[in-house]
Protein chains: 2
Amino acid sequence: MSFKTTATIASFGGKLLKLTHEAQTTGCEMALNLYLPPSAGKTSTKIPVLFYLSGLTCTGDNCAEKGFFQYGAGQKGIAVVYPDTSPRGLKIQGEDDSWDFGTGASFYLDATASPWSKNYKMESYITSELPKALFASFPELDSSRVSITGHSMGGHGALTLFLKNPGMYKSVSAFAPIANPSNCPWGEKAFKGYLGEDREAWKKHDASELIKGWKAGTFEALIDVGTADNFYKQGQLLPENFEKAAKESGNEKGLVVRHQDGYDHSYYFISTFSTDHVNHAAKYLFAA
Amino acid sequence: MSFKTTATIASFGGKLLKLTHEAQTTGCEMALNLYLPPSAGKTSTKIPVLFYLSGLTCTGDNCAEKGFFQYGAGQKGIAVVYPDTSPRGLKIQGEDDSWDFGTGASFYLDATASPWSKNYKMESYITSELPKALFASFPELDSSRVSITGHSMGGHGALTLFLKNPGMYKSVSAFAPIANPSNCPWGEKAFKGYLGEDREAWKKHDASELIKGWKAGTFEALIDVGTADNFYKQGQLLPENFEKAAKESGNEKGLVVRHQDGYDHSYYFISTFSTDHVNHAAKYLFAA
């Protein structure tokens, strides 16, 4: 459960820790980055935490290098956790055959179909094992103040984990999320592989289905999508389906979907708006 | 001379253009990035320009992705030029044999030794051909307001090109510059290869020598060095020699060298302080 710190890197006045640990849920070593803002450990006040879930093919490194969350999080006094996007090196047949399935493409769910069900338990890892391990090892972090965000597949992860676990996260936001995976090529491939052919079972992992059942107060979320995002144009993201489902279920009041003119799917997009998402999380993490 | 735009990417309200052009000085196609802030072309006021010279092994892409300059430059209304670090693909014998010489390692000088003297003319490229081409193709840029900065080998480039060309740049700053290349392994290898064995000839390309001859008013510069920078510890940077030379020649009054506690040589270091360097440049670029 305990972490090995492979590097400590100064960043925006705080420290980025490169961590690894042996995870039981995934049955392999997992790497992640943890950003501790300058204020961490300086007083008896514990630091709130923002989980950032990355997109397809990424590790926890990409956004730590290119997303500039550390800028805003350092100023606000928020720790940022950048987990990996899947288990790795398990030698499951087919895990490295494509960039949008298997390694780097867990979709942050607990797989039920063989051979993935044994180790592809990223939902349990992200919502239970990882936070427990972090709060045990880093007492300066506040386990009662946690928010979640993410990009693309990680935006799907952020929205679904928030919707599945009312009360677990103080806030949610997403960049270009795969918002209706049951109806896009990426999601259909992943859900078929991890969950099997029964589309009814997919609904438990689809933000546009989950939002229909949201009854835990006003659903508040910030979603940014770039109008020049080719994956958006190709129908992989479908934020409009999420908005429609939110409206139809009366959950649209606190939902803010911004269409950012000319922005693509890259870290140039994320870095431009990451401070807005830190500020969104801060509003809830520091609510009186 | 004219540029081909291979991509236009929205970033911090402005646009990052990925450009290529056939350069005469280097005899090959050169790639670069040009960041135009949101204000570019919006009014009749031309936009000042900051050149950022990258370090060994980099291209113009690394800092555009990881350096966070677009954040500050976008706010201040400054264009940023990220040139490449050398000619490429010339098939000169030995150009790809090591990471600290040849491709990606021009040291921003005009080579005089064979076989490098024909194409390794990065000093002419950066100070003459590239700006001329840019100002011809982008009339929204202000050729009379140009500053320069850089990292490591690019910090050496920024300091030496500023010192060699009084009046060409409104300001200079550097991150972890190779400040006395004649006396460090990287510089000795490069200068021997590009300039030959005569150490006297090296002095014209060494900031710690050039500063001694500075007589064009107060020498003002901002230099940041991380105390956990392994290349600093190994004596590749030697900012202390530059400070000493500045003092001995009476040029220390406007020189600010900051030792940033715990920072390394990476883009985590650059991104943390890039806004300070944009603000430093802005002070001169927008001086009344």
If Rh is defined by the Kirkwood formula over all Cα pairs and Rg also comes from Cα, what ratio Rg/Rh do you get for the protein assembly as shown? 1.01
Label point distance in nm, B:S114-A:E29, each placed 7 Å from Cα along Cα→Cβ: 5.2 nm
Just how large is the dipole of the protein assembly as shown about the Cα centre, in debye to the nearest 20, putting +1 at every Lys and Arg Cβ and -1 at every Asp and Glu Cβ? 1160 debye
Packing-wise, with mean Cβ within 10 Å as the measure, how do B:139-146, B:67-74 rank, highest first? B:67-74, B:139-146
Once B:D96, B:D110, A:D206 are ranked on solvent-accessible area with the largest value leading and a 1.4 Å probe, the list reads B:D96, B:D110, A:D206
Using a label position 7 Å from Cα in the Cα→Cβ direction, what is the ascending list of nm distances from A:S98 to the same site in the other copies? 4.6
For A:S11, residues with placed amide H under 5 Å, excluding near neighbours: A:L16
Karplus-derived HN-Hα couplings along segment A:225-234 (A = 6.51, B = -1.76, C = 1.60, θ = phi - 60°), whole Hz, x at Gly and Pro: 9, x, 6, 9, 7, 5, 6, 4, 4, 7
What accessible area, summed over both chains, is buried at the A-B interface (1.4 Å probe, Å², nearest 100)? 1800 Å²
Please list the non-local residues whose amide H lies under 5 Å from the amide H of B:V146, H modeled 1.01 Å from N, same-chain partners needing a gap of 5 or more. B:V49, B:K170
Along Cα→Cβ at 7 Å, what distances in nm separate the B:K132 label point from those on the other copies, shortest first? 6.9
Nearest 0.05, what FRET efficiency do B:K4 and B:D142 give at R0 = 22 Å with Cβ-Cβ as r? 0.40
Express as a percent, rounded to the nearest 5, the fraction of DSSP beta bridges in segment A:4-286 (both residues included) that run antiparallel. 50 percent
Leaving ligands, DNA and RNA out of it, work out the accessible area of A:C58 with a 1.4 Å probe and give it in Å² to the nearest 10. 10 Å²
Using modelled amide H (1.01 Å from N, peptide plane; none on Pro or chain starts), what sits under 5 Å from the amide H of B:L141, excluding residues fewer than 5 places away? B:I47
Part-to-part distance (alpha-carbon centres) for segment B:21-46 and segment A:209-288, which is given in Å: 34 Å
What nm value, rounded to one decimal, do you get for the distance between A:S124 and A:S44 when each label is placed 7 Å out toward the C-beta? 3.8 nm
Need the per-residue list for segment A:255-276: every residue with at least 40 Å² less accessible surface in the complex of protein chains than in the chain by itself, probe 1.4 Å, sorted by number. A:Y263, A:Y268, A:T272
Lys/Arg +1, Asp/Glu -1 at C-beta; the protein assembly as shown dipole; positive extreme among B:T59, B:Q260, B:A288: B:A288
Compute the normalised compactness of chain B: alpha-carbon radius of gyration over 2.2 N^0.38 Å, N being the residue count. 0.93
Karplus couplings for segment A:191-206 from phi (6.51 cos²θ - 1.76 cosθ + 1.60, θ = phi - 60°), rounded to Hz, Gly and Pro as x? 5, 4, x, 8, 10, x, 7, 5, 5, 4, 5, 5, 4, 5, 10, 10
How much of the accessible area of the protein assembly as shown, probe 1.4 Å, is carbon plus sulfur, in whole percent? 49 percent
Keeping every protein chain present and rolling a 1.4 Å probe, give me the accessible area per residue for the protein assembly as shown in Å². 38 Å²
Which ³J(HN,Hα) values in Hz, rounded to whole numbers, follow from the phi angles of segment B:208-217 under the Karplus curve 6.51 cos²θ - 1.76 cosθ + 1.60, where θ = phi - 60° and Gly and Pro get x? 6, 8, 4, 4, 5, x, 6, 9, 8, x
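The values are calculated or read from the model by the stated rules, or taken from the named source; none is laboratory data. Note that the structure is predicted; figures quoted are calculated from it, not measured. Note that each Cβ is placed from the backbone with ideal geometry, even for glycine, and that neighbours are counted across all protein chains shown. Accessible surface areas use protein heavy atoms only, side chains included; no ligands, DNA or RNA. Shrake-Rupley method; radii C 1.70, N 1.55, O 1.52, S 1.80 Å.
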